[in-house]
Amino acid sequence: MKHRLIFTSKKLLRMALLLLGVSLAAFLLMCASPLDPLQTNVGQAALGTMSQEQLDQLEDYWGVNDPPLQRYLGWLGDFIRGDMGTSLLYRQPVGQVIGQRLQNSLWLMAFAWVVSGVLGLTLGVLAGANRGKLVDKAVRGYCLLLSSTPAFWLGLVLLVVFAVWLGWLPIGLSVPIGMDAASVTLSHRLYHAILPALTLSFTGVAGIAMHTREKMADIMESDYVLFARARGESARSIVLRHGLRNVILPAITLQFASISEIFGGSVLVEQVFSYPGLGQAAVNAGLGSDLPLLLGITVVSAAIVFGGNFIADLLYGVVDPRIRRGAARG
Amino acid sequence: MNHWNGRKRAVILLAAALLVLCGVAAAGALAADQAAATDFTRKNLAPSPAFLFGTDWMGRDMLARTLTGLSLSIRIGLLTAAVSALIALCLGTLSATLGGWADGAVSWCIDLVMGIPHILLVMLLSLAFGKGFAGVVAGVALSHWPSLARVIRGEVLQLKGAVYVQTAEKLGVSRLRIARRHLLPHLLPQFFVGLVLQFPHAILHEASITFLGFGLSPEQPAIGVILSESMKYLTTGKWWLAVFPGLSLVGVVLLFAAIGEQLRRMWHPASVHQ
């Protein structure tokens, strides 16, 4: 038990350091930006007509004049105390904005994550078990095509087909336009999330399918599968008993590693469908030079990604007893 | 069919793919003027023999715009993939040969870069370089190296442990000579395949980031710009504005992926059977 605790605390410490690095890197990048937040948000024409006092006030609001180090340390101090600052665009606490947006995004991403994982694993196992046959070729072609297709274009095409031509599904947003918040039901939300969730599900399938296929093909050539064949086990039982158990471990790691990819996809997909999620907030924050919000989103999303990797590491030990014992011995 | 072995087929496929890509790039450069020409007598035309991809709301020929956008994408893809592969090569070999704290630092950087969702990182980098052409190139080039750097680091570590390298060291062969005679021949094919396989990613991310508004300016007919502009007109049924440019982008990315695959076939014949 002790080694597990040491392992876990080491991982957590590394994660905290990485998060610190992420926030610093994101902050420095935004500081290095030559784009003037006043120009982008107020506009040249409005700036020209303002008095010096108004300009000073605005510069103060957007924090243009403070030295970067002082700003970063100030941000960090507040962050540790649980305050992520105030979004300059939305004029709400960053934590609140992220919380609201994450609610919309999270189950979109969760749905896509589960679907793409199950689909990728199934396709990979099918292709690997039938290597060289038609199924394998079809899956490989499908994966190649999928990984070459930009997610946002796929979204546009689905939008044209299902929303414009067939008119089955809404064109965008997460709730019907002009409806007050109280009368929005769960079915409305589901109805609006179908297309974005579907589009997002396609990202991430290719990677996991191809890796699983390779692993599965190796297993099918191993001695224990040969022996199982000689004993007269059916192909179905070989795949389920010997293949799947060995394939599931790398698949779990990959699936948790794909969280970052799913998040990236959600940024694009939310933009296409005007879905008010975290990704759309990130784009708005970036375009509007909203430093606190973008910094907050970057740190939160990085925390989600690192958290995913961390869970994968822990699951490794749970799923595979060999690793547990190996760690105890080492 | 005996003389059509896999190697010859790979060379021919490679040449064909390269030829098509060069053709697209050249056609795009030639069609740049035509892509910007507006003509309000022919606006919003659906695809027809005269305008294969249709025209947009300003009467611009979508075929010319798509070709120009693709050639822009190809050029940016080449540039960014080359830069990021070079970064990967330098950092990968450095961390494997120096070891110790340098190795730790590079690994930490890799974890850091991989921890930020990719699109978000490209966004931040592009902002830091002031968006536009410089922003896209810097954003894509500086964010794509970690996975290749990891591969190269692993490869160099493995080579360093190989018996023939250790023997050469014991025989007093100079480090430079070992690097040139023993390490480089193994590393180069891996590096080039990695480089070519970066193109598809680079092109897709360039298009994505431009689509989001952090990339090339709206005056340039990049694929991302075309697609983001088309969003305003899709709901009125002008599907051709989005479908064909995106489809051709997929085609170009597939060609790059095919080139990478064929190169891999030629350099690592054994890997084809995996």
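The values are calculated or read from the model by the stated rules, or taken from the named source; none is laboratory data. Since this is a predicted model, take the numbers as computed values, not measurements. Virtual Cβ from ideal backbone geometry, glycine too; neighbours counted across all protein chains shown. Just so you know, the surface numbers come from the protein's heavy atoms only, side chains and all, with ligands and any DNA or RNA stripped out. Shrake-Rupley method; radii C 1.70, N 1.55, O 1.52, S 1.80 Å.
If the cut-off is a Cα-Cα distance under 16 Å, which lysines reach A:K2, setting aside same-chain residues fewer than 8 apart in sequence?
Straight-line reach from A:K2, under 16 Å: A:K10, A:K11.
If you take the square roots of the eigenvalues of the alpha-carbon gyration tensor of segment B:209-266 and sort them as a ≥ b ≥ c, do you get rounded (a/c under 1.5), prolate (a/b over b/c) or oblate?
It is oblate, given that a/c is not under 1.5 and a/b is not larger than b/c.
What distance in nm separates the simple spin-label points at B:C22 and B:H186, each placed 7 Å from Cα in the Cβ direction?
So the label points at B:C22 and B:H186 sit 3.5 nm apart.
Please identify every one of the trypsin sites (Lys or Arg not before Pro) in segment A:220-322 that sits in a loop by DSSP and has no more than 11 other beta carbons within 10 Å of its own beta carbon. Numbers along the way, then the final one.
Working: sites: A:R229, A:R231, A:R236, A:R241, A:R245, A:R322; in loops: A:R231.
In loop regions of segment A:220-322 (DSSP not H, G, I, E or B), the sparsely surrounded trypsin sites (Lys or Arg not before Pro) are A:R231.
Output needed for chain B: three equivalent-ellipsoid semi-axes, defined as square roots of 5 times the C-alpha gyration tensor eigenvalues, in descending order, whole Å.
Numbers: eigenvalues 351, 112, 33 Å².
Equivalent ellipsoid semi-axes, largest first: 42, 24, 13 Å.
For B:K160, give me every one of the lysines with a C-alpha distance below 26 angstrom, ignoring sequence neighbours fewer than eight places off in its own chain.
Answer for B:K160, where 26 Å is the Cα cut-off: B:K170, listed by chain and number.
Using a ≥ b ≥ c from the Cα gyration tensor of segment B:1-132 (square roots of the eigenvalues), is it rounded, prolate or oblate, where a/c under 1.5 gives rounded and otherwise the larger of a/b and b/c decides, a/b for prolate? Show your work: numbers first, answer last.
Numbers: a/c = 3.57, a/b = 1.52, b/c = 2.35.
Oblate, because a/c is 1.5 or more while a/b does not exceed b/c.
Distance from a point 7 Å along Cα→Cβ of A:A32 to each backbone N in segment A:282-326: keep the residues under 17 Å and list them by number.
A:295
At a probe of 1.4 Å, how much accessible area disappears from chains B and A on forming the pair, both sides counted, to the nearest 100 Å²? Before the final figure, lay out the partial values.
Values: alone 14400 and 18620 Å², together 29130 Å².
The buried area between B and A, both sides summed, comes to about 3900 Å².
How big is the dipole moment of segment B:199-272 about its Cα centre under a simple scheme where the beta carbon of each Lys and Arg is +1, that of each Asp and Glu is -1, and everything else is neutral? Debye, nearest 20, please.
180
B:A15 versus A:L55, label points 7 Å from Cα toward the beta carbon: distance in nm?
Taking the two extended label points, one gets 6.5 nm.
Let me spell out the model: positive unit charges on the Cβ of Lys and Arg, negative unit charges on the Cβ of Asp and Glu, origin at the Cα centre of chain B. What dipole size does that give, in debye rounded to 20? Spell out each step's value before the answer.
Working: 21 positive and 12 negative charges, 172 e Å.
Rounded to the nearest 20 debye, it is 820 debye.
How much length is gained on full extension from B:A82 to B:K232, taking 0.36 nm per residue of separation minus their Cα-Cα distance? Walk me through the numbers before you get to the answer.
Values: separation 150, 0.36 × 150 = 54.00 nm, distance 3.50 nm.
Contour length minus the Cα-Cα distance gives 50.5 nm.
For segment B:98-165, what is one quarter of the convex hull surface built on the Cα atoms, given in nm²?
Convex hull of Cα atoms, orientation-averaged projection: 5.4 nm².
Cα centroid distance between segment A:252-302 and segment B:228-263, in Å?
Taking the Cα centre of each part, segment A:252-302 and segment B:228-263 sit 23 Å apart.
Which Rg and Dmax, in Å, describe the Cα atoms of segment B:124-274?
Values for segment B:124-274 (Cα only, Rg and Dmax): 21.3, 75 Å.
Roughly how many percent of the accessible protein surface of the protein assembly as shown is carbon and sulfur, given a 1.4 Å probe and a whole-percent answer?
Numbers: 19170 of 29130 Å².
Using a 1.4 Å probe with all protein chains present, the protein assembly as shown comes out at 66 percent carbon and sulfur.
Using a loss threshold of 20 Å², tell me which positions in segment A:254-270 are less accessible in the complex than in their chain alone. Probe radius 1.4 Å, ligands and nucleic acids ignored.
Residues losing area: A:S260, A:F263, A:G264, A:V267, A:L268.
FRET efficiency for A:V164 and A:L24, Cβ-Cβ distance as r, R0 = 51 Å, nearest 0.05? The partial results should precede the final answer.
Details: r = 45 Å, r/R0 = 0.88.
Taking R0 as 51 Å, the efficiency between A:V164 and A:L24 is 0.70.
Give me the lysines in straight-line cross-link reach of A:K137: C-alpha distance below 20 Å, same-chain residues under 8 apart excluded.
Filter leaves A:K215.
Quick one, can you get me the convex hull of the C-alpha atoms of the protein assembly as shown expressed as volume per residue in Å³? Intermediate values should be presented prior to the final figure.
Numbers: hull volume 136.8 nm³, N = 604.
Enclosed volume per residue, from the Cα hull, is 227 Å³.
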